[in-house]
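A.B. asks: Submitted below is the structure of interest, expressed as structure tokens.
The values are calculated or read from the model by the stated rules, or taken from the named source; none is laboratory data. All of these numbers come straight from a predicted model, not from anything done at the bench. All Cβ positions, glycine included, derive from the backbone under ideal geometry; neighbour counts span all protein chains shown.
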Amino acid sequence: MMPAERINDCELPRRVAGHDTVRRLCHLSTQVIDVVQDVLSLDKEVADGDLHNIVLVLCRHHGWETRQAVDHCRTMVQDWTDSFVVLQRSLPAVRAELDLSDTEWARLCRYAGALRACMRGNHDWCGESPRYAPDAGQGRPYVGYLEGLARAYELPGSELPRDRGGR
């Protein structure tokens, strides 16, 4: 069980947690969190001699400059974020397919909202924490909704509808 499940009272029954859509939501959120951490900790990890950062791995593997690798990471995060939003909007079909009770449906909604909040919160925390940025709090204005990740990365096509209800 993830801490977000326990905190948000959204532990899912196995038949729900094992559904392909739910598993994909969890996988996408993990991918976003991992890559965002690597991008935002790049300078610190380079200074520490840590070569296990996705940006550095992409540079070595493809022969790219840092900017190209970061841009590729931004594209991956954008694609995963877009996919997450689409999958989250498809959850009513999962409810119908699995014939979820009202309680199970409420837990699934909280679970998806918790994953969403973890992605957004990870970005915000990494951008503000001295652990990732020695200049914490400087020039990091995009604290808020998950869709704001695209704007935080200055990506084209970041005009996604804001979903304030966690759906």
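A.B. asks: Pick from segment 91-115 the residues that are of a type in the set (Ser, Thr, Tyr) and over 23 Å from Val35 (Cβ atoms): which of them is modelled with the lowest pLDDT? Walk me through how you get there before you give the answer.
C.D. replies: Restricting attention to segment 91-115, the residues satisfying the condition of being of a type in the set (Ser, Thr, Tyr) are 101, 103, 111.
Within this subset, residues satisfying the condition of being over 23 Å from Val35 (Cβ atoms) are 101, 103.
Numbers: Ser101: 97, Thr103: 94.
Top of the filtered list is Thr103.
A.B. asks: Is it the case that some residue within segment 75-90 is basic (Lys, Arg) and without any contact (Cβ under 8 Å) to a residue 60 or more places away in the chain? Full working, then the answer.
C.D. replies: Start the filter on segment 75-90 by keeping residues that are basic (Lys, Arg), which leaves 89.
Still in the list and also without any contact (Cβ under 8 Å) to a residue 60 or more places away in the chain: none.
Among the residues of segment 75-90, not one is basic (Lys, Arg) and without any contact (Cβ under 8 Å) to a residue 60 or more places away in the chain, which makes the answer no.
A.B. asks: With the structure loaded, tell me whether Arg95 is basic (Lys, Arg) and out of contact with any Phe, Trp or Tyr (no Cβ under 9 Å at 6 or more places or on another chain) or whether it fails that test.
C.D. replies: Working: basic (Lys, Arg): yes; out of contact with any Phe, Trp or Tyr (no Cβ under 9 Å at 6 or more places or on another chain): no.
No; evaluated as a whole, the condition is false for this residue.
A.B. asks: When only residues in segment 16-59 that are basic (Lys, Arg) and modelled with pLDDT of 95 or more count, which is farthest from Asp99 (Cα to Cα)? It would help to see each step written out before you state the result.
C.D. replies: Step one: of segment 16-59, the residues basic (Lys, Arg) are 23-24, 44.
Narrowing the set further to residues that are modelled with pLDDT of 95 or more leaves 23-24.
Details: Arg23: 18, Arg24: 20 Å.
Only one residue fits best here, namely Arg24.
Rundown of residues vs (1) under 18 Å from Cys126 (Cα atoms); (2) crowded, with 19+ Cβ neighbours inside 10 Å; (3) of a type in the set (D, E, K, R), yes/no style:
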| site | (1), (2), (3) |
| --- | --- |
| Glu5 | no, no, yes |
| Pro13 | no, no, no |
| Ala17 | no, no, no |
| Asp43 | yes, no, yes |
| Val57 | no, no, no |
| Arg60 | no, no, yes |
| Trp64 | no, no, no |
| Asp79 | no, no, yes |
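A.B. asks: Quick one: in segment 40-65, which of the residues that are touching a residue at least 24 places away in the same chain (Cβ under 8 Å) and in contact with a Phe, Trp or Tyr (Cβ under 8 Å, 6 or more places away or on another chain) is farthest from Trp80 (Cα to Cα)?
C.D. replies: Lys44
A.B. asks: Regarding Ile33, is this residue surrounded by fewer than 17 Cβ atoms within 10 Å (Cβ to Cβ) and hydrophobic (A, V, I, L, M, F, W, C)?
C.D. replies: Values: surrounded by fewer than 17 Cβ atoms within 10 Å (Cβ to Cβ): no; hydrophobic (A, V, I, L, M, F, W, C): yes.
It is false that Ile33 is surrounded by fewer than 17 Cβ atoms within 10 Å (Cβ to Cβ) and hydrophobic (A, V, I, L, M, F, W, C).
A.B. asks: Another question, then. Within segment 5-15, can one find any residue that is under 19 Å from Arg89 (Cβ atoms), in a helix (DSSP H, G or I) and at pLDDT 95 or above?
C.D. replies: There is no residue in segment 5-15 that is under 19 Å from Arg89 (Cβ atoms), in a helix (DSSP H, G or I) and at pLDDT 95 or above.
A.B. asks: Against the condition modelled with pLDDT under 55 and aromatic (Phe, Trp, Tyr), how does Tyr132 come out, does it pass?
C.D. replies: On the way: modelled with pLDDT under 55: no; aromatic (Phe, Trp, Tyr): yes.
So Tyr132 fails the test.
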